[in-house]
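Asker: Sharing a structure with you now.
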Amino acid sequence: MAIARNKVPAQHWMVRLIPVHTLSEALNLAHRYREGKAFRLYVHNRLRIVVPAVLLMVAIAVASAAAFMVYTTGISGWLVLPAILLMPVVLIGNLFVQTYVFFSWLENRAVSRTLGRGTKDPHGVLAVWLSRNLGVDIGPAPAIPWVLVALFFVAPLAMMVTFAVGFALVLLGLAILLPIVYAKLDR
């Protein structure tokens, strides 16, 4: 008796590498922004701090894509064409990851504000420290797509460290300070 083989396990490893869930959540987030009044109003009322945050994310994405290009072409001359072709992927991927995490976090803040329940009791060591020492209510962290973060954010910064340590550390510091400064200005 022959057993029919299911082809799903052969494709299983590929499905795990494709961030379908994150892309679906990003589309849902965009839909909630477009259709939800509270989230859209929250962002529009804070455009003076959202726009600089997005500009910083664009600058980090451009620097990461350039770092990918410099690092890859420095390995071998044969990698110049693939690096040129993949540079937009790194740029768009980096910008996607940053904006997805940032706007997911903003949505959490908007929901907390709309429901009238701030995060009075911060959770986590960093949130407690920020609350006590800086008076910053960082709020709940959004779901972070770690595979995409590693691929499009951490890897290009690690590549940048090989030839521009100081610049990479400045970009990393700015990325870390972004939500802290935003939360401090968002009163």
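Asker: [x] 30, 25, 14; [y] 32, 25, 16; [z] 26, 21, 16: which one is semi-axes √(5λ) of the Cα gyration tensor in Å as calculated from this entry?
Answerer: Structure-derived value, by its label: [y].
Asker: Now for a different question. May I ask you to give the percent of accessible area on the chain that is carbon plus sulfur, with a probe radius of 1.4 Å?
Answerer: Answer for the chain: carbon and sulfur cover 72 percent of the accessible area.
Asker: Answer with one residue from VAL111, ILE138, ALA127: the one whose Cα lies farthest towards the positive end of the charge dipole of the chain, charges on Cβ with Lys, Arg +1 and Asp, Glu -1.
Answerer: Result: VAL111.
Asker: Also, I was wondering about something else. Scattering from the C-alpha atoms of the stretch 41-104 alone, worked out with Debye: what is log10 I(q)/I(0) at q = 0.14, 0.18, 0.21, 0.27 1/Å?
Answerer: Here the Debye-derived log intensity ratios amount to -0.49, -0.67, -0.80, -1.05.
Asker: Scattering from the C-alpha atoms of the stretch 72-147 alone, worked out with Debye: what is log10 I(q)/I(0) at q = 0.18 1/Å?
Answerer: With one equal scatterer per Cα and no solvent, log10 I(q)/I(0) is -0.80.
Asker: Now for a different question. Out of MET57, TYR182, ASN45, whose Cα points farthest toward the positive end of the dipole of the chain (charges: +1 Lys, Arg; -1 Asp, Glu; placed on Cβ)?
Answerer: Value computed over the given set: ASN45.
Asker: When ligands, DNA and RNA are left out and all protein chains stay put, how many square angstrom of accessible area per residue does the chain have with a 1.4 Å probe?
Answerer: For the chain, the per-residue accessible area is 64 Å².
Asker: Quick one: putting +1 on the C-beta of Lys and Arg, -1 on the C-beta of Asp and Glu, what dipole do you get for the chain around its Cα centre, in Debye to the nearest 20?
Answerer: Magnitude of the dipole: close to 520 debye.
The values are calculated or read from the model by the stated rules, or taken from the named source; none is laboratory data. Since this is a predicted model, take the numbers as computed values, not measurements. Glycine gets a Cβ as well: all are built from the backbone with ideal geometry, and neighbour counts include every protein chain shown. Please note that ligands, DNA and RNA were not included when accessible areas were found on the heavy atoms of the full protein model with its side chains. Shrake-Rupley method; radii C 1.70, N 1.55, O 1.52, S 1.80 Å.
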